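Novice: One structure is given below, represented as structure tokens, and several questions about it will come after.
The values are calculated or read from the model by the stated rules, or taken from the named source; none is laboratory data. This one's a predicted model, so the numbers in the text were calculated from it and none came from an experiment. Every residue, glycine among them, receives a Cβ derived from its backbone with ideal geometry; neighbour counts consider all protein chains shown.
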Amino acid sequence: MNWQVLTKVYDRIEAEMIKAALEALKIPVELAQESVGGTIPVSFGKFAEIHVLIPKEKREEAQEWLENYDKDEFEVEKE
């Protein structure tokens, strides 16, 4: 798979939430962070960056979801 960065965040919880939401849409996700950022609590700068990676072929779908996430606009399916 050819991975690319969808976005960068500075909060591990937010990164995990984004990952879970994208995986629910059947979009594979990997999170990448400098190794020191995972062992020493850092909340700013390069060491705090968490890269959300997605497959290149899922870029359009993931980008659409991210735009809605950034605007707090989500559709809820009614059963």
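Novice: Taking only pairs six or more apart or across chains, which ones have beta-carbon atoms under 8 Å, a first residue in region 49-74 that is under 13 Å from A15 (Cα atoms), and a second residue that is acidic (D, E) and modelled with pLDDT under 95?
Specialist: Final answer for the pair search is E49/E34; I50/D11.
Conditions (1) assigned to a helix (DSSP H, G or I); (2) hydroxyl-bearing (S, T, Y); (3) at pLDDT 95 or above; (4) touching a Leu at 6+ places or on another chain (Cβ under 6 Å), marked per residue:
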position: Q4; (1), (2), (3), (4): no, no, yes, no
position: A15; (1), (2), (3), (4): yes, no, no, yes
position: A20; (1), (2), (3), (4): yes, no, yes, no
position: K26; (1), (2), (3), (4): no, no, yes, no
position: G37; (1), (2), (3), (4): yes, no, no, no
position: V42; (1), (2), (3), (4): no, no, no, no
position: F47; (1), (2), (3), (4): yes, no, no, no
position: I54; (1), (2), (3), (4): no, no, yes, yes
position: W65; (1), (2), (3), (4): yes, no, no, no
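Novice: Where the second residue is modelled with pLDDT of 95 or more and in a loop (DSSP other than H, G, I, E, B) and the first is surrounded by 14 or more Cβ atoms within 10 Å (Cβ to Cβ) and lies in region 9-23, which pairs have Cβ atoms under 7 Å and are six or more apart or on separate chains?
Specialist: K19/V29; L22/V29
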